[in-house]
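Asks: Supplied in structure tokens, the structure appears directly below.
The values are calculated or read from the model by the stated rules, or taken from the named source; none is laboratory data. Note that this is a predicted model, so its numbers are computed, not measured. Glycine also receives a Cβ, built like all others from the backbone with ideal geometry; neighbour counts cover every protein chain displayed.
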Amino acid sequence: MNRKNFTQTILAWYDQGHRELPWRRTKDPYRIWVSEIMLQQTRAETVVSYYERFLARYPSVQALADAPEEELLKAWEGLGYYTRARSLQKAARVIAEQYGGQLPADLDKLRALPGVGDYTAGAIASIAFGIPAAAVDGNVERVLCRWDAVSDEVGTPAVRRRIAARAQELVPHDRPGAFANAMMEMGATLCTPKNPKCLLCPVREGCLGFAQGIAQELPHKAKKKPQRVENRAVLLVFCGERVLVVKRQEKLLGGLFVFPDVLDENDPAGLCQALEALGIRAAYDERLGHARHVFTHIIWEMDIHALLAEHTADVPEGQWVTRSELERLPLPTAVKAARTFAMERLAKR
Ligand code: SF4
């Protein structure tokens, strides 16, 4: 199967039917951009439930640029990888200031925006502006590695360049956006990481990975380092109808509210001492449960404890919040279980 056949076959397959996703019903560059940022690390099924709500709240670049950070992070809650929300806003400010609130129809200018890499720039350029640019994400990389039976380790600069060049030569000049969507659709529905559905695949004829019986094994990736495990005691410190939250200053989940926590300590006396160091006198109440959250590089194993404070002492970056305030604050999914315990407790007060 030659280049033209591959492209035309994929397009014809896509035209016959594909998943109806809300961002496929628009060519509006702002909407396409928001969808692509949301899709970077989140599954399409999850993004669907956030996308319309987010756009209703921030219907334009300017609205996004002007959003208060806490409110923006709250709107992003549940999507995770909050750096994306911050970059989105930084980029919105650049677009508002430098481009009069319109995304630039230029691959290099798109690529220069915060949070926009080669893939996202290619996707916006091709889908929103009809620029014949390739958009190579993990899905597309997998399809092409299998189709060309690339058995070298992907992720190295040389292989990246090779796949990017291959993708670029396949992009049709008349329908680059449809092609980008069709390739993503292929990777998400047929040429899936496990058990590719080769028998249903429109480009099976000509697929070297299939012909050689190695499709399932490709692409070859370097082994990931095992994640580091952190044991955290999460402290729900109650005082009357309030519970203490602190704004995280660390890079991971920075700017979001969490409950105070202590590393490698689960002894009640040690937990009270850790709170004393923050200027809080509290009595240990009970252990409420355990939760686990897996980040890309770290796993948090969290024991959740309740403590009762004598008074609402001032804590750096801390706030003593009521149940309804807790509901409105942006908290990461990592502390969802702890928040549920806190909400239940506060409801009883
Ligand atoms: S034949 Fe199989 S491995 Fe090849 S592109 Fe299609 S789904 Fe992927």
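Asks: With (1) modelled with pLDDT of 95 or more; (2) near the ligand (Cβ under 10 Å from one of its atoms); (3) of a type outside the set (Gly, Ala, Ser) as the list, and Arg175 as the residue in question, which single condition is left unmet?
Replies: It fails just one condition, (2).
Asks: Quick check on region 144-172: of everything there that is among the β-branched types (Val, Ile, Thr) and assigned to a loop (DSSP other than H, G, I, E, B), which residue is farthest from the ligand (Cβ to nearest atom)? Steps first, answer last, please.
Replies: From region 144-172, those among the β-branched types (Val, Ile, Thr) are 150, 154, 156, 159, 163, 171; that's our starting set.
Among the residues that remain, those that are also assigned to a loop (DSSP other than H, G, I, E, B) are: 150, 156, 171.
On the way: Val150: 12, Thr156: 21, Val171: 17 Å.
Result: Thr156.
Asks: Now a separate question. Looking only at region 304-344, which residues are of a type in the set (Lys, Arg) and either touching an Asp or Glu at 6+ places or on another chain (Cβ under 8 Å) or not assigned by TED's automatic domain parsing to the domain that holds Phe257 (or both)? Talk me through it step by step, then tell me what you get.
Replies: Of region 304-344, the ones of a type in the set (Lys, Arg) are 323, 328, 336, 339.
Result: Arg323, single match.
Asks: Any idea which residue in region 178-192 is farthest from Tyr119 (Cα to Cα), counting only those that are of a type in the set (A, V, I, L, M, F, W, C) and within 9 Å of the ligand (Cβ to nearest atom)?
Replies: Residues of region 178-192 that are of a type in the set (A, V, I, L, M, F, W, C), as a first pass: 178-180, 182-184, 186, 188, 190-191.
In the following step, the residues that additionally are within 9 Å of the ligand (Cβ to nearest atom) were identified as 186, 190-191.
Values: Met186: 16, Leu190: 21, Cys191: 19 Å.
Among them, the one singled out is Leu190.
Asks: Something else about it: Taking Leu110, is it within 18 Å of the chain's Cα centre (by Cα) and among the aliphatic types (A, V, I, L, M)? Write out each step before concluding.
Replies: On the way: within 18 Å of the chain's Cα centre (by Cα): no; among the aliphatic types (A, V, I, L, M): yes.
When the stated conditions are applied, Leu110 does not pass them.
Asks: On to the next question. If the requirement is being over 27 Å from Lys348 (Cβ atoms) and among the small types (Gly, Ala, Ser), which of these qualifies: Ala282, Ala277?
Replies: Details: Ala282 fails: over 27 Å from Lys348 (Cβ atoms).
Only one candidate passes the filter, namely Ala277.
Asks: Being over 13 Å from Met184 (Cα atoms), outside any helix (DSSP H, G or I) and either within 16 Å of the ligand (Cβ to nearest atom) or β-branched (Val, Ile, Thr) (or both): is that true of Ile124 here?
Replies: On the way: over 13 Å from Met184 (Cα atoms): yes; outside any helix (DSSP H, G or I): no; either within 16 Å of the ligand (Cβ to nearest atom) or β-branched (Val, Ile, Thr) (or both): yes.
The answer is no for Ile124.
Asks: Still on this structure: Tell me which residues, restricted to region 193-220, are surrounded by 13 or more Cβ atoms within 10 Å (Cβ to Cβ) and either on the phi > 0 side of the Ramachandran plot or more than 11 Å from the ligand (Cβ to nearest atom) (or both).
Replies: Answer for region 193-220, where residues must be surrounded by 13 or more Cβ atoms within 10 Å (Cβ to Cβ) and either on the phi > 0 side of the Ramachandran plot or more than 11 Å from the ligand (Cβ to nearest atom) (or both): Gly206, His220.
Asks: Counting just the residues of region 326-343 that are out of contact with any strand residue (DSSP E or B) (no Cβ under 8 Å at 6 or more places or on another chain) and either buried (at least 19 other Cβ atoms within 10 Å of the Cβ) or of a type in the set (Asp, Glu) (or both), which one comes out nearest to Val245 (Cα to Cα)?
Replies: Of the residues in region 326-343, the ones out of contact with any strand residue (DSSP E or B) (no Cβ under 8 Å at 6 or more places or on another chain) are 327-328, 339-340, 343.
Of the ones still in play, those that are also either buried (at least 19 other Cβ atoms within 10 Å of the Cβ) or of a type in the set (Asp, Glu) (or both) are 327, 339.
Values: Glu327: 12, Arg339: 10 Å.
If we take residues in region 326-343 being out of contact with any strand residue (DSSP E or B) (no Cβ under 8 Å at 6 or more places or on another chain) and either buried (at least 19 other Cβ atoms within 10 Å of the Cβ) or of a type in the set (Asp, Glu) (or both), then Arg339 is nearest to Val245 (Cα to Cα).
Asks: Working carefully through the options Cys272, Cys239, find the one that is surrounded by fewer than 21 Cβ atoms within 10 Å (Cβ to Cβ), closer than 27 Å to Glu70 by Cβ and more than 31 Å from the chain's Cα centre (by Cα). Step through it out loud before you land on a result.
Replies: Numbers: Cys272 fails: closer than 27 Å to Glu70 by Cβ.
Exactly one residue qualifies, and that residue is Cys239.
Asks: A further question on this structure: Only one of these is surrounded by 15 or more Cβ atoms within 10 Å (Cβ to Cβ) and in contact with a strand residue (DSSP E or B) (Cβ under 8 Å, 6 or more places away or on another chain): Val171, Val154. Name it.
Replies: Val154
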